[in-house]
1. Quote the Stokes-Einstein diffusion coefficient, in whole µm² s⁻¹, for the chain, based on the Kirkwood radius over alpha carbon pairs, a temperature of 25 °C and a viscosity of 0.890 mPa s.
2. Any number yet on Rg/Rh for the stretch 86-161, C-alpha, Kirkwood?
3. With +1 on each Lys and Arg Cβ and -1 on each Asp and Glu Cβ, and nothing else charged, work out how big the dipole of the chain is about its Cα centre, in Debye to the nearest 20.
4. Return the subset of LYS124/LYS354; LYS201/LYS236; LYS32/LYS72; LYS225/LYS276; LYS70/LYS166 for which the Cα-Cα distance in this structure is over 23 Å, preserving the input order.
5. Probe radius 1.4 Å, ligands and nucleic acids ignored: give me the carbon and sulfur share of the accessible area of the chain as a rounded percent.
6. Can you list the lysines whose alpha carbon is less than 23 Å from that of LYS326, not counting same-chain residues fewer than 8 positions off?
7. Percent antiparallel among DSSP beta bridges with both residues in the chain, to the nearest 5?
8. Can you give the extra length, in nm with one decimal, that the chain gains between THR102 and MET71 once fully stretched, where that is 0.36 nm per residue apart less the Cα-Cα distance?
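The values are calculated or read from the model by the stated rules, or taken from the named source; none is laboratory data. Predicted model only: the values in this text are computed from it and were never measured. Cβ atoms come from the backbone with ideal geometry, glycine included; neighbour counts cover every protein chain shown. The accessibility values were calculated without ligands, DNA or RNA, using every heavy atom of the protein model including side chains. Shrake-Rupley method; radii C 1.70, N 1.55, O 1.52, S 1.80 Å.
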Amino acid sequence: MDKRSVTYLIISALCGILWFGCNERSGKFTVKGIVTGVDNQMIYLENVGIGSVEPVDSAKLNGSGEFSFKMKSPQYPDFYRLRINNRFINFAVDSTETISFTADYKTFATSYQVEGSESCSTIKEITLAQLDANQAIHRIRKDYESDMISDSLYRAHTLEAIENYKDVARNYIYSRPMSTESYYALFQQIDGLLFFDPYDKIDSRAYGAVATSYNHLYPESPRAKHLYNLTLQALKVLRGQRSVDWNNIETKEIDFFDVELPDIRGEKIKLSEVAKDKVVVLNFMACQTEWSAELNALLQRVDSAYRDRGVEIFQISLDSDVHLWKNTVSNFRWTCVRDPQTVYSQAAATYNVKQLPALFLLNRKGVLVKRVENLDNLLQDVGQLL
């Protein structure tokens, strides 16, 4: 065999080894680490989706506290968490990488160390800022409920705590809007409500920055589509005072705003199915409140006046008392569903419901066109959409 043939075989073998190695690495990510202060506990790897958390894998921690998960990489950047009991570490995966965590069980969610991913290190900083804001707001609320501070101070201190978190988040959102940490920062919550309000003129800029970047980099990603649609719908509401020709606007199916919840018979009802070719009054409420009867009387007038003209009411209850809710709505003609998550409702968080009742209007194309601020104008507002 001449030197040329030998050289060719060696190069071919090396290429084969390199190809095999790359192929082995591609399509996989590894999460590993050590958790001290815990023995014989289960640690879970979970995928944090847009509206749900799904288990992916689990392992039992022995005396050494070591764990390792190797999983297929997501098609697009995605979010995961490690869970032991009710303690979590949130992180992102955006490539075929190895991410290592070191943590103690007592401070699992706050004092862990992470290596192998700059995004995950940043997510930790954002998480700590979010936790600081939550703790500050809960302390303020406790003082307010104990009559230690006035209404004005309660509001001022709460807004200050929210702004402190936003200041941290904006550093990443505007410097690296295409990053997973920017997306993560945008959707952090306090008591189930978003820190960044998509219907606020200033906050909407943050949504626009991240939505534009994600839509450019990952146009087929479900997260990119959801974020883009959320931002688009919020902008339309903010521009609601302008005259808009909805017939010339290209419409898409909006999954992010869709809601699927059980009615009093336990059958799941989708908002998108009720809303097809209808003007919809979307109402978040609770029957156990003192204003419930007055609100339902108003909705009854809307239903009587406009049902025959193509208006549907989709009412979402956040009641914790199932029996009270069923007894209240059993004779209503409109669609009544209940979110079993009650005050922690993901649907309410999606629409950034900060207080009840909350009402929104959707036109016949399923486009959210108005957030009702004055219930006295509800009949007139619905009539204008027709």
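1. On the way: Rh = 23.8 Å.
The estimated diffusion coefficient comes to 103 µm²/s.
2. On the way: Rg = 16.9 Å, Rh = 14.5 Å.
Checking Rg against Rh, the ratio lands at 1.16.
3. For the chain, the charge dipole is close to 860 debye.
4. Working: LYS124/LYS354 26 Å; LYS201/LYS236 11 Å; LYS32/LYS72 15 Å; LYS225/LYS276 20 Å; LYS70/LYS166 34 Å.
Where the Cα-Cα span goes over 23 Å, the pairs concerned are LYS124/LYS354; LYS70/LYS166.
5. Working: 10130 of 20890 Å².
Whole-percent figure for carbon plus sulfur exposure: 48.
6. Partners within reach: LYS268, LYS270.
7. On the way: 44 of 62 bridges.
Of all bridge pairs located within the chain, approximately 70 percent are antiparallel.
8. On the way: separation 31, 0.36 × 31 = 11.16 nm, distance 1.93 nm.
Difference between extended and current length: 9.2 nm.
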